[in-house]
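Asks: Here it is: the structure, laid out below.
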Amino acid sequence: MAGEVRTCSSCAEKAVFVDRESGTHLCSRHLKESVETRVLARILQEGQLPGIIGVAFSGGKDSTALLAALANLKEKIPVRLIALTVDEGINGYREETISHAREVCTILGVEHRIITFSEIYGETLDEIMRTTNRKACTVCGILRRRALEVLAEKEGIRLIATGHNQDDHAQTTLMNALSADIKKVFAGSGHSTRFAHRIKPFAAVSEREASLYAILAGLFNDLPECPYAGDALRGEIRMLLNQFEQEHPGSMRNLAQAEEEIRTRLRDKVEITPLENCRICGWPGSGEICQVCSLIKKNETR
Amino acid sequence: MKIFFPDGHEEEISARGRTIEAIILEQGLNPIEVLISRDGAIIPEDTIGIDSETIRLIRISHGG
Ligand SMILES: [Zn+2]
Ligand SMILES: [Zn+2]
């Protein structure tokens, strides 16, 4: 005899999810609907949409769920979707995840573009990591961000959706608050018209809901983990916040929302140092030489 | 009930009328970091565990 599963609060189907704060149960269809409603609301906040939305698509579960949600919303958001994948060149890890990414795009019928670190920087992440003592996540983050810009520019994409979810948002808020650089934290860095505008359609969707969405869409694969050690501080904060969320449901959402609220209120009140164009590559950045070029240049001097 | 953990090991744990959430917590895992699959379907963590059943815990690990 199978144990009794609670029924969806909105229909007679079996629940797959319980909202810990409200006690509401949702079936597969209503969970998907609930996620898509929040994604749609985020995107409509943008107002006039460009003809193409680029989706930063690593092939991991968050970006897979995001791509699936956007593909499912194509009648309500009638834009051309292009999935953008950066192949960092991580041996024994990226081959499988890239092939999963390809497969997902085929299933969803979404156009897919891939750019590699080798094409842009002349080296894979593995090769770059041999000549730097900076943390892999930091290096990769800086180079991946630029790679995405290069790919978007090539494709004429002015709007990029990323898979950051509510949990990521809450973690970043706490990490930034602990670093105490209030200016950086809540005002962000300078803007440039050369960068594509970025949106986070999953900002109000928890990591749990995003994963569940990917599973329910039949697109969740048990993929290998990145071999580089993750950001240790983020890992600790993640564990701490998850514990908090378990004991005090709603904490994660409150923290993510508080950050947004402060950001909105501080906008235009904090002076942001304008970006300069890098002397080497011409891309906007802080200082004469951008972060990307200082990374790559250090490698060359070795 | 039989539980397959995300790290691959399996264990027989007496449900004693508790929710799966309570059972997972007792094993030192945070229930919000896993999803629960039973017979290929995802079930909410407030489902009461039954000793004759098998569930599989899926870790929600981070990764873009
Ligand atoms: Zn329902
Ligand atoms: Zn540069």
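Asks: Go through A:81, A:44, A:40 for me and flag whichever is more than 12 Å from every other protein chain (Cβ to nearest Cβ), open to solvent by 40 Å² or more (accessible area, probe 1.4 Å) and more than 16 Å from ligand 1 (Cβ to nearest atom). Break it down stepwise before answering.
Replies: Working: A:81 fails: open to solvent by 40 Å² or more (accessible area, probe 1.4 Å); A:40 fails: open to solvent by 40 Å² or more (accessible area, probe 1.4 Å).
So the residue among A:81, A:44, A:40 that is more than 12 Å from every other protein chain (Cβ to nearest Cβ), open to solvent by 40 Å² or more (accessible area, probe 1.4 Å) and more than 16 Å from ligand 1 (Cβ to nearest atom) is A:44.
Asks: Right, next: Looking only at segment A:217-252, which residues are over 17 Å from the mean Cα position of the chain (by Cα), more than 25 Å from residue B:25 (Cβ to Cβ) and at the interface with chain B (Cβ under 10 Å from one of its Cβ atoms)?
Replies: A:223, A:224
Asks: Having 2 or more residues that are facing chain A (nearest Cβ under 8 Å) is the bar; report the strands (runs of 3 or more DSSP E) wholly within chain B that clear it.
Replies: Details: elements: B:2-4, B:10-12, B:34-38, B:41-43, B:54-59.
Of the strands (runs of 3 or more DSSP E) lying wholly inside chain B, those with at least 2 residues that are facing chain A (nearest Cβ under 8 Å) span B:34-38, B:41-43.
Asks: I would also like to ask the following. Quick one: which residue in B:45, B:11 is surrounded by 17 or more Cβ atoms within 10 Å (Cβ to Cβ) and free of Cβ contacts under 8 Å to residues at least 40 places away in the same chain? Reasoning before the result, please.
Replies: Numbers: B:11 fails: surrounded by 17 or more Cβ atoms within 10 Å (Cβ to Cβ).
Sole residue among the options that is surrounded by 17 or more Cβ atoms within 10 Å (Cβ to Cβ) and free of Cβ contacts under 8 Å to residues at least 40 places away in the same chain: B:45.
Asks: Another one. Residue A:142: in the same structural domain as residue A:245 (by TED's automatic domain parsing), among the hydrophobic types (A, V, I, L, M, F, W, C) and at pLDDT below 95, yes or no?
Replies: Details: in the same structural domain as residue A:245 (by TED's automatic domain parsing): yes; among the hydrophobic types (A, V, I, L, M, F, W, C): yes; at pLDDT below 95: yes.
Judged against the criteria, residue A:142 is a match.
Asks: Only residues in segment A:23-41 that are closer than 18 Å to residue B:46 by Cβ and in a helix (DSSP H, G or I) count as the first member; pair them with residues that are more than 8 Å from ligand 1 (Cβ to nearest atom) and open to solvent by 30 Å² or more (accessible area, probe 1.4 Å), Cβ under 6 angstrom, at least 6 apart or cross-chain, and list the lot.
Replies: Listed by first residue and then by second, the contacts come to A:28/A:216.
Asks: A further question on this structure: Can you confirm whether segment A:226-239 contains a residue that is within 16 Å of ligand 2 (Cβ to nearest atom), exposed (fewer than 14 other Cβ atoms within 10 Å of the Cβ) and modelled with pLDDT under 90?
Replies: no
Asks: Among (1) outside any helix (DSSP H, G or I); (2) within 16 Å of ligand 2 (Cβ to nearest atom), there is one condition residue A:273 misses while meeting the rest; what is its number?
Replies: With respect to (1) outside any helix (DSSP H, G or I); (2) within 16 Å of ligand 2 (Cβ to nearest atom), residue A:273 is out only on (2).
Asks: Give the number of residues within segment A:203-216 that are over 24 Å from residue A:90 (Cβ atoms) and either facing chain B (nearest Cβ under 8 Å) or under 13 Å from the mean Cα position of the chain (by Cα) (or both).
Replies: Within segment A:203-216, the first condition is being over 24 Å from residue A:90 (Cβ atoms), and the residues that meet it are A:203-206, A:208-209, A:212-213, A:215-216.
Keeping just the survivors that are either facing chain B (nearest Cβ under 8 Å) or under 13 Å from the mean Cα position of the chain (by Cα) (or both) gives A:203-206, A:208, A:212, A:215-216.
Qualifying residue count, segment A:203-216: 8.
Asks: Of the residues that sit in segment A:243-252 and are open to solvent by 80 Å² or more (accessible area, probe 1.4 Å) and assigned to a helix (DSSP H, G or I), which one is nearest to residue A:21 (Cα to Cα)?
Replies: Of segment A:243-252, the ones open to solvent by 80 Å² or more (accessible area, probe 1.4 Å) are A:243-244, A:247-248.
Subset that is assigned to a helix (DSSP H, G or I): A:243-244, A:247.
Values: A:243: 15, A:244: 13, A:247: 11 Å.
Among those residues, the one meeting the criterion is A:247.
Asks: If you take just the helices (runs of 4 or more DSSP H) that sit entirely in segment A:54-162, which of them hold at least 3 residues that are under 19 Å from the mean Cα position of the chain (by Cα)? Walk me through how you get there before you give the answer.
Replies: Working: elements: A:61-72, A:94-108, A:117-121, A:125-129, A:136-155.
It comes to A:61-72, A:94-108, A:136-155.
Asks: Does segment A:22-30 include one or more residues that are open to solvent by 60 Å² or more (accessible area, probe 1.4 Å) and more than 14 Å from residue A:217 (Cβ to Cβ)?
Replies: Yes; the residues of segment A:22-30 include at least one that is open to solvent by 60 Å² or more (accessible area, probe 1.4 Å) and more than 14 Å from residue A:217 (Cβ to Cβ).
Asks: Does residue A:101 satisfy the criteria of being touching a residue at least 24 places away in the same chain (Cβ under 8 Å), within 14 Å of chain B (Cβ to nearest Cβ) and either open to solvent by less than 10 Å² (accessible area, probe 1.4 Å) or of a type in the set (A, V, I, L, M, F, W, C) (or both)? Even if it seems obvious, please write down each step before you answer.
Replies: Numbers: touching a residue at least 24 places away in the same chain (Cβ under 8 Å): yes; within 14 Å of chain B (Cβ to nearest Cβ): yes; either open to solvent by less than 10 Å² (accessible area, probe 1.4 Å) or of a type in the set (A, V, I, L, M, F, W, C) (or both): yes.
Considered against the rule, which asks whether it is touching a residue at least 24 places away in the same chain (Cβ under 8 Å), within 14 Å of chain B (Cβ to nearest Cβ) and either open to solvent by less than 10 Å² (accessible area, probe 1.4 Å) or of a type in the set (A, V, I, L, M, F, W, C) (or both), residue A:101 comes out as yes.
Asks: Of the residues A:109, A:92, which is surrounded by fewer than 22 Cβ atoms within 10 Å (Cβ to Cβ), at pLDDT below 95 and more than 12 Å from chain B (Cβ to nearest Cβ)?
Replies: Numbers: A:109 fails: at pLDDT below 95.
Sole residue among the options that is surrounded by fewer than 22 Cβ atoms within 10 Å (Cβ to Cβ), at pLDDT below 95 and more than 12 Å from chain B (Cβ to nearest Cβ): A:92.
The values are calculated or read from the model by the stated rules, or taken from the named source; none is laboratory data. The structure displayed is predicted, hence computed values, not measured ones. Heads up, the Cβs are rebuilt from the backbone with ideal geometry, glycines too, and the neighbour counts pull from every protein chain shown. SASA here: full protein model, heavy atoms, side chains in, ligands and nucleic acids out. Shrake-Rupley method; radii C 1.70, N 1.55, O 1.52, S 1.80 Å.
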